Amino acid sequence: MSDITHSLAEIVGEEYVSDREEEAYFYARDPGLMPAHKPDYVVVPETPEQVQEVVRLANREKIPIVPMGAGMALTGLIIPLKGGIVMDMKRMNRILEVNEKARYVIVEGGTSQGHLKAYLEKNYPRLRHSIPDSPATATIAANVMIHGQGRLTQQYGFNSDMVSGLEVVLASGDICKIGSCSISEDWFSKGAPMPDLSGLFLGWFGATGIITKLALKLYPRKKMRDVEIFITDRDDLIPDMVYELTHTEMVEDINIFSQPKPMIFKDNHHMTIFITGDTDEELEFKRKTVWRVLEPFIKSKDGGFMGVSPAMKPTLLEMPQRSVSRFADVTKGGGFEYSGPIILVEKYAECARKVTELAEKYDLGYSGMARIIGRGHCMMYGFAFTFNRADPDMMERTRKALHEVSKFALEVGGIFWKPTVNEQRMAIEKMDPNTRNLMGMIKENMDPNGIMNPGNWEVN
Ligand SMILES: Cc1cc2nc3c(=O)[nH]c(=O)nc-3n(C[C@H](O)[C@H](O)[C@H](O)COP(=O)(O)OP(=O)(O)OC[C@H]3O[C@@H](n4cnc5c(N)ncnc54)[C@H](O)[C@@H]3O)c2cc1C
């Protein structure tokens with residue numbers, strides 16, 4: 001054992017440290033397209049104190065440290081670009097407290113989406129959280145760290161807007177509480193009415209601190225949930241349709257997808273509209289409201305509802321949705337990656353046309369998918385391309401297509417979601433210089449030795 005491995009073993013136990021080649025192989029990559037880079041050590045802590053000790057050691061020895069959830073962000077954010085320690089958070093998966101009346105939960109920094117979903121269904125059937133469509137192993141901390149979106153994002157904003165408190169280990173090894181929990185026993189606010197310090201961490205990809213605990217707001221789980229599908233070939237009318245639907249304030253979630261396969265989907269845009277209710281009457285009222293606001297588009301022959309058969313419903317209503325990974329044929333060695341800029345809904349048609357254009361140019365399978373955020377304030381438009389991992393040429397074509405997406409997104413006023421390091425550089429370059437300086441000051445002060453997920457948000 002090297003000295004560092006030995007020191008790490010003293011902190012977390014020998015079983016939970018590795019510097020072996022075969023572990024490094026796996027922790028060098030994620031399922032996306034970014035090139036692999038091996039860590040020197042992998043460590044799996046169990047407590048905030050162990051995280052603290054490991055960070056102190058890393059800071060003292062100036063060793064990079066990369067916190068990792070499930071590694072499913074797909075854009076290489078957990079690849080240890082400069083080697084060092086990958087800290088796998090999976091053992092910190094406890095649900096610590098639920099405040100039912102105030103509707104929030106406190107979880108550890110490695111708790112998975114699937115664990116929380118199952119726990120709430122069993123113990124608090126009237127509560128739910130905003131579940132993303134990522135695999136159930138994806139962690140809650142990582143999802144808010146990258147400003148993820150889930151089933152409740154149309155109503156309440158980014159999943160990170162639903163955070164109501166953080167406990168973070170700083171680069172110095174100090175543990176810091178953020179929000180009401182810094183003063184009170186209660187974790188109901190991440191900032192307001194005080195200065196909101198959560199912005200020093202959320203969106204930074206672990207480059208300013210490691211989340212060891214977080215509180216997440218929960219929302220009412222209605223007894224019933226249903227879905228309607230509206231189809232149109234008028235991509236230019238989608239923003240108007242979304243405007244009308246979000247005006248009702250009665251819809252749980254709106255996703256719009258377009259893809260050429262299976263053939264039945266070709267050339268159309270499918271708007272999946274989710275509604276919920278506690279009684280048949282409530283659900284029926286919401287359904288009729290949705291029909292009413294979209295009726296003018298039916299009358300003008302610009303769209304219509306598709307009958308959703310009872311056989312289709314369970315697939316459409318499942319959370320997380322697995323259709324995305326199915327379309328990539330992952331089980332047969334396929335893969336997919338998407339670039340998902342956050343952008344105005346009024347840019348829908350430009351995005352939908354771009355994904356088709358790029359798929360044709362680079363001869364790739366594709367899907368375009370918009371998720372409406374916060375009652376139409378903006379959307380995530382996912383440009384997803386499929387590839388065969390055994391075909392290097394196809395992988396290269398996918399990289400090129402995604403690079404074009406990045407350039408396009410900036411040109412039409414979008415900003416990158418969970419950006420690759422290349423996209424981070426592009427964003428930094430376009431950023432207002434004073435904002436850039438401010439980010440640089442924050443990073444320099446919070447991580448003077450540059451050990452926290454280095455390579456990410458390197459402004460200076
Ligand atoms: C099929 C599929 C569907 C998806 N659908 C969605 C979707 O609907 N909505 C959505 O939001 N995303 C989606 N994603 C993207 C992604 O999987 C999720 O956002 C997921 O929540 C990422 O979690 P993770 O644990 O895999 O993150 P990781 O990739 O492990 O980490 C992401 C970032 O967070 C940092 N990090 C991890 N843990 C901590 C911590 N404790 N403290 C500080 N930093 C930390 C990492 O260093 C990294 O920078 C999807 C992905 C796939 C493959």
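The values are calculated or read from the model by the stated rules, or taken from the named source; none is laboratory data. Only a predicted model underlies this, so the values are computations on that prediction, with no experimental measurement involved. Methodologically, a virtual Cβ is constructed for each residue, glycine included, from the backbone with ideal geometry; neighbour enumeration extends over all protein chains shown. Each accessible area value is taken on the protein alone, full model and side chains, heavy atoms only, with ligands, DNA and RNA left out. Shrake-Rupley method; radii C 1.70, N 1.55, O 1.52, S 1.80 Å.
Being more than 16 Å from the ligand (Cβ to nearest atom), under 18 Å from the mean Cα position of the chain (by Cα) and modelled with pLDDT of 95 or more: is that true of residue 218 here?
So residue 218 passes the test.
Checking residue 187 against (1) assigned to a loop (DSSP other than H, G, I, E, B); (2) closer than 22 Å to residue 440 by Cβ, only one condition comes out false. Which one?
(2)
Look through 164, 172, 130, 160 and report the one residue that is over 25 Å from residue 28 (Cα atoms), touching a Cys at 6+ places or on another chain (Cβ under 9 Å), among the hydroxyl-bearing types (Ser, Thr, Tyr) and not assigned by TED's automatic domain parsing to the domain that holds residue 53.
After applying the criteria, what remains is 164.
Checking the condition outside any strand (DSSP E or B) and either open to solvent by 10 Å² or more (accessible area, probe 1.4 Å) or within 12 Å of the ligand (Cβ to nearest atom) (or both), which residue from 177, 122 passes?
From the options 177, 122, the qualifying one is 122.
Working carefully through the options 220, 193, find the one that is out of contact with any Cys (no Cβ under 7 Å at 6 or more places or on another chain), without any contact (Cβ under 8 Å) to a residue 40 or more places away in the chain and surrounded by fewer than 17 Cβ atoms within 10 Å (Cβ to Cβ).
193
Taking the range 51-74, which residues are open to solvent by less than 50 Å² (accessible area, probe 1.4 Å) and either of a type in the set (Phe, Trp, Tyr) or within 8 Å of the ligand (Cβ to nearest atom) (or both)?
Residues satisfying the conditions are 66, 67, 68, 69, 70, 71, 73, 74.
What number of residues within the range 147-162 are within 11 Å of the ligand (Cβ to nearest atom) and assigned to a helix (DSSP H, G or I)? Even if it seems obvious, please write down each step before you answer.
Start the filter on the range 147-162 by keeping residues that are within 11 Å of the ligand (Cβ to nearest atom), which leaves 147-151, 153, 158-160.
Among the residues that remain, those that are also assigned to a helix (DSSP H, G or I) are: 153, 159-160.
Number satisfying all stated conditions: 3.
Looking at 395, 426, which is the one that is aliphatic (A, V, I, L, M) and within 20 Å of residue 78 (Cβ to Cβ)?
395
Evaluate the following for residue 427: is it among the aliphatic types (A, V, I, L, M), within 16 Å of the ligand (Cβ to nearest atom) and either closer than 26 Å to residue 344 by Cα or without any contact (Cβ under 8 Å) to a residue 40 or more places away in the chain (or both)?
Taking the combined requirement at face value, the residue satisfies it.
Might you check whether a residue that is modelled with pLDDT under 90, within 24 Å of the chain's Cα centre (by Cα), assigned by TED's automatic domain parsing to the domain that holds residue 262 and within 15 Å of residue 259 (Cβ to Cβ) occurs anywhere in the range 338-361? Before the answer, list the steps.
Within the range 338-361, the subset modelled with pLDDT under 90 is 338.
In the following step, the residues that additionally are within 24 Å of the chain's Cα centre (by Cα) were identified as 338.
After this cut, where a residue has to be assigned by TED's automatic domain parsing to the domain that holds residue 262 as well, the list is 338.
Then drop every residue that is not within 15 Å of residue 259 (Cβ to Cβ), which leaves 338.
Within the range 338-361, one or more residues are modelled with pLDDT under 90, within 24 Å of the chain's Cα centre (by Cα), assigned by TED's automatic domain parsing to the domain that holds residue 262 and within 15 Å of residue 259 (Cβ to Cβ).
Mind listing whichever residues of the range 262-279 are loosely packed, with under 13 Cβ neighbours inside 10 Å and more than 18 Å from residue 308 (Cα to Cα)? Before you say what the answer is, go through the steps one by one.
So in the range 262-279, the residues loosely packed, with under 13 Cβ neighbours inside 10 Å come out as 262-264, 266-267, 279.
The answer is 267, 279.
If you take the residues of the range 195-215 that are in a loop (DSSP other than H, G, I, E, B) and out of contact with any helix residue (DSSP H, G or I) (no Cβ under 8 Å at 6 or more places or on another chain), which of them is nearest to the ligand (Cβ to nearest atom)? Before the answer, list the steps.
Taking the range 195-215 and keeping what is in a loop (DSSP other than H, G, I, E, B), we get 195-196, 201-209.
With the extra rule that they be out of contact with any helix residue (DSSP H, G or I) (no Cβ under 8 Å at 6 or more places or on another chain), the set shrinks to 195-196.
Values: 195: 21, 196: 17 Å.
Filtering the range 195-215 for residues that are in a loop (DSSP other than H, G, I, E, B) and out of contact with any helix residue (DSSP H, G or I) (no Cβ under 8 Å at 6 or more places or on another chain), the one nearest to the ligand (Cβ to nearest atom) comes out as 196.
For the range 380-393, enumerate the residues that are open to solvent by less than 40 Å² (accessible area, probe 1.4 Å) and either under 16 Å from residue 32 (Cβ atoms) or free of Cβ contacts under 8 Å to residues at least 40 places away in the same chain (or both).
Within the range 380-393, 382, 383, 384, 385, 386, 387 qualify.
Are there any pairs, at least 6 apart or on different chains, whose C-beta atoms fall under 7 Å, with the first in the range 133-146 and part of a loop (DSSP other than H, G, I, E, B) and open to solvent by 20 Å² or more (accessible area, probe 1.4 Å) and the second of a type in the set (Val, Ile, Thr) and near the ligand (Cβ under 6 Å from one of its atoms), and if so, which?
133/324
Please work out if residue 104 is over 24 Å from residue 342 (Cα atoms), over 15 Å from the mean Cα position of the chain (by Cα) and either open to solvent by less than 50 Å² (accessible area, probe 1.4 Å) or acidic (Asp, Glu) (or both).
Working: over 24 Å from residue 342 (Cα atoms): yes; over 15 Å from the mean Cα position of the chain (by Cα): yes; either open to solvent by less than 50 Å² (accessible area, probe 1.4 Å) or acidic (Asp, Glu) (or both): yes.
Answer is yes for this residue.
When the residues of the range 24-42 are narrowed to those that are modelled with pLDDT under 95 and open to solvent by less than 80 Å² (accessible area, probe 1.4 Å), which ends up nearest to residue 399 (Cα to Cα)?
Of everything passing the filter in the range 24-42, 33 is nearest to residue 399 (Cα to Cα).
Would you be able to say whether some residue in the range 371-393 is in a helix (DSSP H, G or I), out of contact with any strand residue (DSSP E or B) (no Cβ under 8 Å at 6 or more places or on another chain) and of a type in the set (D, E, K, R)?
Yes, the range 371-393 contains a residue that is in a helix (DSSP H, G or I), out of contact with any strand residue (DSSP E or B) (no Cβ under 8 Å at 6 or more places or on another chain) and of a type in the set (D, E, K, R).
Report, by residue number, each residue of the range 234-270 that is in a loop (DSSP other than H, G, I, E, B) and either charged (D, E, K, R) or touching a residue at least 12 places away in the same chain (Cβ under 8 Å) (or both).
234, 248, 249, 250, 251, 252, 259, 260, 261, 266, 267, 268
Can you find a residue in the range 191-199 that is farther than 30 Å from residue 278 by Cα and within 19 Å of the chain's Cα centre (by Cα)?
Among the residues of the range 191-199, at least one is farther than 30 Å from residue 278 by Cα and within 19 Å of the chain's Cα centre (by Cα), which makes the answer yes.
Kindly indicate whether any position in the range 90-109 is within 14 Å of the ligand (Cβ to nearest atom) and among the small types (Gly, Ala, Ser).
Yes, that holds for at least one residue.
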